[in-house]
1. Rounded, prolate or oblate: which fits the range 2-46, taking a ≥ b ≥ c as square roots of the Cα gyration tensor eigenvalues, rounded meaning a/c under 1.5, else prolate when a/b beats b/c?
2. When only Cα pairs under 8 Å and 6 or more residues apart are kept, what is the percent relative contact order across the chain?
3. Can you tell me the length gained on complete extension of the stretch GLU314 to LEU82, counting 0.36 nm per residue apart and subtracting the Cα distance?
4. Just add up the charged neighbours of PRO116: K/R +1, D/E -1, any other residue whose Cβ is under 12 Å from the Cβ of PRO116.
5. Measuring from label point to label point, each 7 Å out along Cα→Cβ, what is the LYS72 to PHE204 span in nm?
6. What angle, in degrees between 0 and 90 and rounded to the nearest 10, separates the Cα long axis of helix 323-335 from the longest principal axis of the Cα atoms of the chain?
7. What net charge is computed for the residues neighbouring GLU63, neighbours being all others with C-beta under 11 Å from the C-beta of GLU63, Lys and Arg scored +1, Asp and Glu -1?
8. Relative contact order for the range 2-46 using alpha-carbon pairs under 8 Å, separation at least 6, rounded to a whole percent?
Amino acid sequence: MFLTKDSSSPYYQVVYFIDGKRTKKSTKKTTYEEAQKFLSQFHPEEETETKPINISLTRFQKEYVEYVTNSKSKHYLRSVNLSFSQLLSYSGDIFLQNLTTKILDKFIISTFARAPKAASLYYRTLKAAFTKAVVWEYLNENPLKKIKAPKVEKTFPVFIAITELNSILENTSEAYLKNIFIAGYYTGMRLGEILNMKWNWIDFQQNVIKVQCSESFTTKSKKERIIPISQTLRNVLLNQFPKVIDVDKNNYVFVRVPGIKFNENFISKQFKKSVRTAGLDDKIHFHTLRHSFASMLVQRGVSLYVVKELLGHEDLSTTQIYSHLQSQNLKDAVNLL
């Protein structure tokens with residue numbers, strides 16, 4: 001017998017053999033000293049069948065959130081907490097073992113009736129969580145495996161043309177807001193990335209922005225990437241640069257008060273205010289600028305693989321929401337024959 005630990009579980013595992021078959025049992029201990037104590041009292045011959053440990057839904061939620069906190073984005077963590085919160089409202093704080101396929105099926109169906117996209121989100125998020133519960137030996141099997149994922153109607157992302165961007169800019173009074181909106185449209189960067197951008201991300205000689213991760217900020221994918229600077233954005237950045245006295249390259253690029261980062265909600269609301277003042281579609285949000293950047297590239301014949309890298313998507317399937325634009329370009333090309 002011996003102890004082992006890997007990334008699939010926060011706990012040490014006891015490895016032992018029964019009739020030549022390699023078997024593992026969780027110690028439910030996170031420190032080596034506690035696991036050693038468990039090992040000294042462990043008797044393999046008493047382990048005839050591994051039974052899941054009783055744990056409440058709220059307790060499991062807490063453990064799971066702690067586990068994914070260092071590996072997932074804040075957006076994903078919000079989805080996890082929301083999914084558990086909605087499930088708890090439906091089922092109550094029952095033992096995880098008592099969370100049957102029937103209960104979950106009714107929960108997903110009732111949610112789908114009022115909010116199909118929410119049902120899809122809860123299904124994906126909870127299924128991943130319960131898969132980990134099986135690994136941690138809280139469950140013998142994932143109760144969501146027997147339930148089909150909700151089918152959500154596919155919608156194409158909203159994007160705007162340069163004329164609409166200009167209309168938004170014309171109805172924005174503050175220069176710093178205009179510059180942030182232009183950065184969103186010409187880089188496809190997420191709002192959080194733009195507001196966390198510092199001068200040391202920008203290389204004017206190479207004419208690129210290097211989206212960087214740090215102790216205070218990480219991208220959604222946890223990866224860094226390079227984005228070329230368009231001439232329009234270059235002019236905006238160069239016009240701002242001379243105004244900074246004794247530029248500290250660790251300073252934020254877009255600020256009103258040096259060293260003080262903008263609040264994302266504030267910028268989002270200001271953008272929406274400009275959209276409404278311009279009389280444009282209310283479906284347009286700040287994230288629409290990111291969609292617009294990608295859409296412009298695809299419509300100009302840029303490969304989806306290149307767009308994927310520029311947007312920082314982990315998987316090409318995410319970028320493929322723009323593939324319908326690529327298909328239209330192919331049709332236009334054939335019509336020229």
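1. oblate
2. 14 percent
3. Fully extending the segment from GLU314 to LEU82 adds 81.2 nm.
4. Details: positive: ARG114, LYS117, LYS151, LYS154; negative: GLU153.
That sum, taken over residues with Cβ under 12 Å, equals +3.
5. Label at LYS72, label at PHE204, 4.3 nm between them.
6. Between the helix axis and the principal axis of the chain, the angle is about 50 degrees.
7. That sum, taken over residues with Cβ under 11 Å, equals +3.
8. 32 percent
A short reminder: the numbers here are calculations on the coordinates, not readings from a lab. Computed from a predicted model, the values in this text were never measured in an experiment. Ideal geometry is used to build each Cβ from the backbone, glycine not excepted, and the neighbour counts take in all protein chains shown.
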